[in-house]
Amino acid sequence: MLDGLKADVRQACRWLLRSPGFTLAAVASLAIAIGFNSALFSLVDAVLFRPLPVKAPHSLVEVYTSGSDGDAYATSSYPDYLDFKERNTVFTEVVGHSTMFGALSTSERSRLAMGEVVTGNFFPTLGIRAALGRTLLPEDDRPQAERVVVVSHRYWRREMGADPNAVGRTLRLRGQPYTVVGVIQEGYSGLLPMLAAEIWLPTAHVEEVEPAGLQDAVPSPGGTSRLDRRGQRWMFVKGRLKPGVTLEQAQANLDGVMAGLVETYPQTNKDRRVALLASKGVRIHPAADRILVPLAAGLMLLVGLVLLIACANVASMLLARASARRREISIRMAIGARRWHVVRQLLAESVVLGLLGGAAGTTLAFALTRLLTTLDLPLPVPLNFDVRVDARVLAFTALVALVAGVLAGLAPALRVSRQNLVSDLRGEAGGAAVAGRRWSLRDGLVVGQIAVTLALLVVAGLVARSLSAAQHANLGFRTSGLAILSSDLGMARYDEAAARAFWDRALERVRALPEVENAAFADHLPFSLNFGEQQFHIPGQLSPGDRGFTVAVTRVSPEYFQTLGVPILQGRGFLTSDTPESPGVVVVNEAFARRFWPGKSALGQIVHTRGPEGPAFEIVGVSADHRVQSIGEGSVPYVHFSRTQRSDSYQILVARARGDAGRLVAQLRQELLALEPNLVFLDNQTMETQVAATLLPVRAGAWLASVVGVVALALAGIGLYGVVAYSVARRTREIGVRMALGADRLRVLGMVLRQGFSLVAVGLALGAVLAALGLRGLSGVLYGVSLADPLAWGTAALSLALAAAAANAIPAHRATRVNPSVALRAE
């Protein structure tokens, strides 16, 4: 059996070498499709499926605490983490960690560094080692422990010149010296894909950095920091199961621990629950994974359809070649070759084509992944695309190549091996057989290609139309001309009073710039990646025990509404006379007023925060609605607090430029650095760039769908050309007879074009049905465009019609050039 397979492969290679043009065309078709599939798989694998870079990930469990808003998968406080660690009976170890940002001082100036705050048992428990020195240890968690830091292998190479004596050197974070005690092993860059940590700090010094991600805070009795405020939740928790302990047993055990905490600490832990999930099933966060996994599946399906089109193309080519080998195959079967042997030989040829396409596709995948790593995305946080063609991607590519080879070759092999030996040996299977049969397997393959291509082009058109509609949507404020800069002076060790004085001086200097029309402060801006929320209690609208209404909020200076161009419709905006000593005031938007006081005026109404007995705020103004978090969200309730009544060290400076906002961003940096050279900027872009960041998924989807659609269109055109050209070649004698009997060139041209366009018409009809069935999943992600958008559908159909016309033109023209006398002498 093995010897027979080897012989088939050798024969396949000799046959392909004898037909270099055919081999090149088939391999190119497969290479394009396989290359796109492999490149996309490498991205999806890096984000969602690549195993956690830790020891024994199968025994790790995510431990979540429910949030104030009811989210089951929120973070935990450090005191709760300690109780989980000490009171459980199901884990060998429990670790805590959080992504963080810190102000890292260099020889030139301070910059923002990203890393993780971790408990001292984090690295030993997860089996992560140091390439130099040591990792963090449990004793580093002691309150008075020395300030130590571990740096990434990448940071060690780039920033420390791969110094073998790096251990013992000093870094300055938020002005404080930290001793480098180790360089982490190469390849580990943190637990979040696409974000590369540079440094790791022990939890003892968490107050000197800013934890990022999910945070939740309720009033906590006592406590002066994140380490002793039980109501301040910022830490993700992981546990390693003891041998033999199931996830269900661990859940029951932690439920008991949390019940004890609820009873002991009702003010901070009331209604809190724990939820456990296996770490191997959580890549980023359950909420994010629920979005990313279907999205990744949809993208893989989209690119997989291109592979099917390529397979259909190669199958059509193999059918044409196999038909030309009828006599050879018939002779082999006449002298005793079994049908299975013939099928095996033909499959060997298609599989070799598939593997050659896979090899070429791997080269394309290398190029595409390298291009992906060089992309400069409009995001405030730089992404680290750890996308590479590794062993997992190569295995996927080999599997896809093998499957593609079998798919492309199976139908032609089965079709050609069913031969009429007598007629084939007499040479009677020719143009007459082709002419007498209206539809063939090749026709069906081309119809399928056209149908799938139409569906892909419609998807591309709808996504592109949605992107265009989003880019031209009315957001409720003027995005052009707005420059954004933000910083947290706490990173530079400013107290609250000093920070307030600094920001007041900065605003004066910025307003004095001739390029600035107006400027203001806010702690959250529309379309920021982070946004604030607050629970509100409205007298008379809640029953006892209700949690309240959670609404997006921001804290702004009096000039904010004018700077953004958001009009005040009722009442007033904020005034400098709104001080900490005066009664609390808020400005709400129309959506908030409509929701809670429909048909009435919201002015003068009172709202409470932090419970029904919490601080009271009077509504003094109603502003126009504008988009807050996304373009497609509609009108959502939004509340503005006054910065003059309460401010903190973190502020976003937003300024409207008289000219180019990009140049103004650079000027704002210069002005602020002149006041404080160690300032670290968090936001540093224009509002248009910030809005563009929210459209990045749609823009990426439109780009990918367009590329896929163009590739599919090209492959379908090639497939249609092949069918029509092959038909013309096989019907040369018939065409010669028709012309000898008086048929003119125009009639022959029409005959050939009718054949090609009949395939296109059937393909378009099937494609319309396929697109209508497959577009249901797009309805929730499109903005400003319906699934039946005539422009998207019309453009897709017209593109296919033009491609069909081009594919039919050459064979049709060739048919009209047939010489009747030559054709009648043809075999």
Taking the criterion of being in contact with a Pro (Cβ under 8 Å, 6 or more places away or on another chain), under 24 Å from Pro514 (Cα atoms) and buried (at least 17 other Cβ atoms within 10 Å of the Cβ), would at least one residue in the stretch 661-675 satisfy it?
no
Taking the stretch 53-79 on its own, how many of its residues are open to solvent by less than 30 Å² (accessible area, probe 1.4 Å) and in a helix (DSSP H, G or I)?
3
What tally of residues in the stretch 758-782 results from selecting those that are over 19 Å from Leu302 (Cβ atoms) and assigned to a loop (DSSP other than H, G, I, E, B)?
0
So for the stretch 88-100 (the condition being more than 24 Å from Leu173 (Cβ to Cβ), assigned to a loop (DSSP other than H, G, I, E, B) and at pLDDT below 90), does at least one residue qualify?
no
Verdict on Ala250 being in contact with a Phe, Trp or Tyr (Cβ under 9 Å, 6 or more places away or on another chain) and in a helix (DSSP H, G or I)
yes
Test Arg290 against the criterion of being outside any strand (DSSP E or B) and surrounded by 15 or more Cβ atoms within 10 Å (Cβ to Cβ), and give yes or no.
no
Listed residues Ala702, Ala692, Ala716; which is surrounded by fewer than 21 Cβ atoms within 10 Å (Cβ to Cβ), assigned to a helix (DSSP H, G or I) and touching a residue at least 24 places away in the same chain (Cβ under 8 Å)?
Ala692
Please work out which one of (1) open to solvent by 60 Å² or more (accessible area, probe 1.4 Å); (2) out of contact with any strand residue (DSSP E or B) (no Cβ under 9 Å at 6 or more places or on another chain) is the condition Ser42 fails and give its number.
(1)
Every listed condition ((1) open to solvent by 20 Å² or more (accessible area, probe 1.4 Å); (2) modelled with pLDDT of 85 or more; (3) part of a helix (DSSP H, G or I)) holds for Thr268 save (1)
Ala655 being within 19 Å of Val556 (Cβ to Cβ), open to solvent by less than 10 Å² (accessible area, probe 1.4 Å) and either modelled with pLDDT under 90 or out of contact with any Cys (no Cβ under 6 Å at 6 or more places or on another chain) (or both):
yes
Residue list for the stretch 752-763, restricted to those being farther than 11 Å from Ala801 by Cα and without any contact (Cβ under 8 Å) to a residue 60 or more places away in the chain:
Leu753, Arg754, Gln755, Ser758
Across the stretch 649-672, the tally of residues that are of a type outside the set (A, V, I, L, M, F, W, C) and under 30 Å from Asp495 (Cβ atoms) stands at 7
Go through the residues of the stretch 707-715 one by one and say whether even a single one is under 30 Å from Ala506 (Cα atoms) and at pLDDT 80 or above.
no
Those residues that are among the hydrophobic types (A, V, I, L, M, F, W, C) and either open to solvent by 60 Å² or more (accessible area, probe 1.4 Å) or touching a strand residue (DSSP E or B) at 6+ places or on another chain (Cβ under 9 Å) (or both), I need them from the stretch 210-246; list them, please.
Ala212, Leu214, Ala217, Val218, Trp234, Met235, Phe236, Val237, Leu241, Val245
Segments classed as strands (runs of 3 or more DSSP E), wholly inside the stretch 118-194, with at least 3 members that are surrounded by fewer than 16 Cβ atoms within 10 Å (Cβ to Cβ)
176-184
For Asn808, all conditions in the list (1) open to solvent by less than 60 Å² (accessible area, probe 1.4 Å); (2) at pLDDT 80 or above; (3) over 30 Å from Glu633 (Cβ atoms) hold save one; what is the number of the exception?
(2)
Looking at this structure, is Leu261 outside any loop (DSSP other than H, G, I, E, B) and over 17 Å from Val61 (Cα atoms)?
yes
Some residue of the stretch 12-35 being among the charged types (D, E, K, R) and within 26 Å of the chain's Cα centre (by Cα)
no
So, of the residues in the stretch 467-513 that are within 25 Å of Pro637 (Cα to Cα) and open to solvent by 40 Å² or more (accessible area, probe 1.4 Å), which turns out to be nearest to the chain's Cα centre (by Cα)?
Gln471
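Conditions tested, residue by residue: (1) closer than 16 Å to His205 by Cα; (2) out of contact with any His (no Cβ under 8 Å at 6 or more places or on another chain).
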{"site": "Val94", "(1), (2)": "no, yes"}
{"site": "Arg111", "(1), (2)": "no, yes"}
{"site": "Val117", "(1), (2)": "yes, no"}
{"site": "Leu126", "(1), (2)": "no, yes"}
{"site": "Met160", "(1), (2)": "no, yes"}
{"site": "Leu171", "(1), (2)": "yes, yes"}
{"site": "Pro177", "(1), (2)": "yes, yes"}
Given the criteria within 17 Å of Val639 (Cα to Cα), in a strand (DSSP E or B) and of a type outside the set (Gly, Ala, Ser), does Val551 qualify?
yes
Matching entry among Leu82, Leu40, Leu16 (being modelled with pLDDT of 85 or more, over 30 Å from Gly187 (Cβ atoms) and not in a strand (DSSP E or B)):
Leu82
Lone unmet requirement of (1) over 17 Å from Val257 (Cα atoms); (2) touching a Leu at 6+ places or on another chain (Cβ under 8 Å); (3) β-branched (Val, Ile, Thr) for Val61
(1)
Could you check the stretch 403-412 and list, in sequence order, the residues that are in contact with a helix residue (DSSP H, G or I) (Cβ under 6 Å, 6 or more places away or on another chain) and either open to solvent by 50 Å² or more (accessible area, probe 1.4 Å) or within 9 Å of Ser350 (Cα to Cα) (or both)?
Ala404, Gly405, Leu407, Ala408, Gly409
Subset of the stretch 189-213, residues hydrophobic (A, V, I, L, M, F, W, C) and modelled with pLDDT under 80, comes to Met194
Restricting the search to the stretch 610-626, which residues are closer than 19 Å to His537 by Cβ and buried (at least 20 other Cβ atoms within 10 Å of the Cβ)?
Phe617, Ile619, Val620
Per the list (1) open to solvent by 70 Å² or more (accessible area, probe 1.4 Å); (2) modelled with pLDDT under 85; (3) over 20 Å from the mean Cα position of the chain (by Cα); (4) not basic (Lys, Arg), residue check on Leu375 breaks on (3)
Can you name every residue in the stretch 764-798 that is among the β-branched types (Val, Ile, Thr) and either without any contact (Cβ under 8 Å) to a residue 40 or more places away in the chain or open to solvent by 40 Å² or more (accessible area, probe 1.4 Å) (or both)?
Val769, Val781, Thr795
Taking Val150 as meeting all but one of (1) under 27 Å from the mean Cα position of the chain (by Cα); (2) among the aliphatic types (A, V, I, L, M); (3) closer than 30 Å to Phe385 by Cβ, write down the number of the exception.
(1)
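The values are calculated or read from the model by the stated rules, or taken from the named source; none is laboratory data. Owing to the predicted nature of the structure, the values given are computational and were not obtained by experimental measurement. Glycine gets a Cβ as well: all are built from the backbone with ideal geometry, and neighbour counts include every protein chain shown. Heads up: the accessible areas ignore ligands, DNA and RNA and are worked out on the full protein's heavy atoms, side chains in. Shrake-Rupley method; radii C 1.70, N 1.55, O 1.52, S 1.80 Å.
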